[in-house]
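Laboratory data are not the source of any read-out in this text; all were calculated from the coordinates shown. Just so you know, these numbers come straight off a predicted model, no measurement behind them. Glycine gets a Cβ as well: all are built from the backbone with ideal geometry, and neighbour counts include every protein chain shown.
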Amino acid sequence: MVRSHHKRKREFVPIGMKLEDVFHILETTGNLKPLQPKFPSNLAQKIGEYCKYHQVTGHSIEQCGALKNAVQDLIDQGIVDPTKLDD
Ligand SMILES: [Zn+2]
């Protein structure tokens, strides 16, 4: 198995949009769905910003590493063209 890139840090294609807007577009097109919350809502953090992707409070969607990776996956697979997102 050749894994020549396994030590490289993942490079994210700059999209030039807020992640919230990217998520909204990809949710509308059916390419992304919000994750199921890991915890019952009564155990979730009640403070901090709400992440629409994780559906939990505690971090902003703009800081959501999981969403960044999910978007980059779609770009890597050729499903999403970052230059055409806001058309
Ligand atoms: Zn998140």
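Annotations
- Highest mean packing first, where packing is the average number of other Cβ atoms within 10 Å per residue, the peptides 8-18, 49-59 line up as 49-59, 8-18.
- For the listed residue pairs LYS18/LYS52; LYS9/LYS84; LYS9/LYS33; LYS9/LYS52; LYS18/LYS68, the alpha carbons are over 20 angstrom apart in LYS9/LYS84; LYS9/LYS33; LYS9/LYS52.
- Net length gained if the chain between GLU11 and LYS46 were fully extended (0.36 nm per residue, minus Cα distance): 9.4 nm
- Residues in the range 48-77 reached by a label modelled at GLN36 [backbone nitrogen below 16 Å; 7 Å Cα→Cβ]: 54-56
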